[in-house]
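Taken together, the values in this text are just the output of simple stated rules run on the coordinates, not laboratory data. Note that the structure is a prediction, hence the values are computed from the model and not measured. A quick note on method: Cβ atoms are made from the backbone with ideal geometry, for glycine too, and the neighbour counts reach across all protein chains shown.
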Amino acid sequence: MPAEFVTDPDTTPTDQSLPTTRAVLDDLSKELPVALYAEEQIISAVLLHPEKIHTVMGQLEPFHFFDRRYRIVYATMCELVEDRVEPDAIAIATRIDDSGKGATFRTSEFPSSGATLIFLSDTLDASTFVSASQLEYCLQLVRRKYELRQAARFGRELAKQAKAAVDGESFWDWAGQQFYALRGESTEDQTHSLKGEVADAFKRIQQRYESQEPITGIPTQFTELDRMTTGLHKKELGILAGRPSMGKTSLAFGIGTNASESGARGIIFSSEESKEAATEKMLAARAKVDNQRLRTGQIKAAHIPALTQAATELARLPLEINDEGGISVSRIASVCRRVKAESGLDFIIIDYLQRITATGPDGKQLRREEEVHTIAKSLKNLAKELDIHVLALAQLNRDLEKRADKRPIMSDLRESGAIEQEADLIMFVFRDEYYHEHTEDAGIAEVIIGKQRRGPLGKVRLRFTPHCTRFDNLPPGENYC
C-alpha cells in the first residue's frame, strides 16, 4: 500500500501561540472522520488497567490513532510491553521524554519538561469508567474512523493519479489494487478459542453424518476423483499440471462445466486460448463431435442435434469466460471481486499459472521465481478472501521427458517450491499413449494426486477421447491404477 495511505500526518501543532491543541483537533475533526473521545478512553483504560494493553494490541496499531499524542503514547505502551515493563504513567512519560518526543506534549501553559506526565494525568482525569464492552466498542470505532480517513486519502490520490494517467487500463488496474488493499487492511484479532472451533467442527461433522453425502466440496462429477478429494473445496488453491498435449485444458474445462451443472458459479480465465476457441472446445466435448470438423466446418447433418443440445446445455450454465492475454494476478482478483459482489462466485479456473504476470510493491518486474511465488500466494489469499476454489493449470519441466517412466512427480513442476508451498491440492494429468502408441492404456488418462492437505494421494483413471478431447468416467472396476 502506498505510504500516503498508511499513517496520519502529524496534525497536532506544537506552536505555543495556539491556545490549546484540543481546539485545533476539534476543528480538524469537522473535516475528517475521527473519534477523539474513543481514542482518549482507550489510552485511559490502559493507564488505569495496564493488563488491558494486550486486548488493545490485538486490534490496533499506533497509526490507527488520529491524535498524534495518543499515537505516541500508545506506541510507547507497546514498546514497554515488548521490553516487559508495565506501561504505567511514569514509565510512559519517562520513555517519551528520553526519546525526545516530549516536545509534542508541551503547550503554552506547560512549556517545559513534565508536560508529558501532565498530559497523561489530564487524560486520566477526563476519562470515565470503561467496561470490557465499552472498550471493545471504542476499539472498533477508532479502527473504523481510521479506515474512513484512509478512504478519504484514497479519494484524493485517485483524483491525482487520474489527472496524470496516460491510459485508462493501467489506471484502473492500479486503482483496483489500492482499493481492495485498503478494504482488506485489518488488524482485527483472528485468534479464536479452540473450544468454539471444536464446537463448530462437531456441527459440520454431524451435518455430514446426517446427510450421508460424501462430496462436501464442489463436485467435478468425475466419480473416483470426487471420492478421493470429496470435491473442490472453497478457500483452497488447486493445481492441475501436465506436459503439453496431455489434455489438462480439456480436463479443466470439463471440471468447470461439470461443477457449474451442480449450480456452482465460476469463471474460466483462458489466457492460453481465445474465448471462441475455448467455447468450441467445450461444445465439441459435450456433443462428442470431432474438434477438427468444427474448425473446418466439415460437420454432418447427424451432428446438428448433438451440437444444438450441447449449446443449449452450456448456455444455461452459470459460467463466464475471460480471455485477456497476459492478465495480471491483480486483474484476476479485481474481476473476481466484482463478479462475487454482483452475482456470487464459487470457483475459478486459470489456464495457466505461468502466463499470469505480477509485479513487486514498487511496480517493478520481479525475477521469475519471485513472480511465481507472488502469484501462487496471491491466488491462495484470493481463495480465502472470497471463499472460492481456485484451480490453476501449470506447465511441467521438460526434464521428465528424459526419464523412462514419464509420469509426473512434484519436482517436475516449474518453480515447484513456490507452487507446492501454497497449493492445497496438486494433480497431474498423464496419458501413456502419447509416448507409447501400442500401450495397453490407449484412450486412458491418469489423474495423479501428488499433494492433498486433507486427503489421500493416489491415481484415478478416466476415459479420454482424443478427437473431441473429452474426459469421462470409466466403468466401475476399471478406474483404478
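Taking a threshold of 24 Å on the Cα-Cα distance, which of the pairs 275/384; 248/377; 281/340; 234/340 fall above it?
Working: 275/384 27 Å; 248/377 22 Å; 281/340 26 Å; 234/340 13 Å.
Table pairs above 24 Å Cα-Cα are 275/384; 281/340.
Using θ = phi - 60° and the Karplus curve 6.51 cos²θ - 1.76 cosθ + 1.60, what whole-Hz ³J(HN,Hα) does each residue of the stretch 288-302 get, with Gly and Pro shown as x?
Result, ordered by residue: 6, 10, 4, 4, 5, 5, 5, 5, 9, x, 8, 8, 9, 4, 5 Hz.
Just to be sure I understand the model, the point goes 7 Å from the Cα along the line to the Cβ. What's the resulting residue 405 to residue 203 distance in nm?
Result for the modelled spin labels: 4.6 nm.
Could you go through the stretch 370-379 in sequence order and give the Karplus-derived ³J(HN,Hα) for each residue, using 6.51 cos²θ - 1.76 cosθ + 1.60 with θ = phi - 60°, rounded to whole Hz, and x for Gly and Pro?
Here the 3J(HN,Hα) series is 5, 5, 5, 5, 4, 5, 4, 5, 5, 5 Hz.
Provide the per-residue ³J(HN,Hα) series for the stretch 452-459, in order, calculated from phi with Karplus coefficients 6.51, -1.76, 1.60 and θ = phi - 60°, each as a whole number of Hz, with x at glycine and proline positions.
7, 4, 10, x, x, 9, x, 10
Check which residues have an amide H placed less than 5 Å from residue 328's amide H, if you skip close sequence neighbours.
Under 5 Å from the amide H of residue 328: 357.
Which GluC sites (Glu not before Pro) from the stretch 413-471 combine a DSSP loop assignment with at most 11 other Cβ atoms within 10 Å? Before the final figure, lay out each step's value.
Details: sites: 415, 420, 422, 433, 437, 440, 446; in loops: 415, 437, 440.
Here the sparse-neighbourhood loop sites are 437, 440.
Under the rule of at least 5 residues apart or a separate chain, name every residue whose amide H is placed under 5 Å from the amide H of residue 264.
Hits under the 5 Å cutoff: none.
Amide H of residue 271 versus every other amide H placed in the peptide plane: which residues, excluding those fewer than 5 positions away on the same chain, fall under 5 Å?
351, 352
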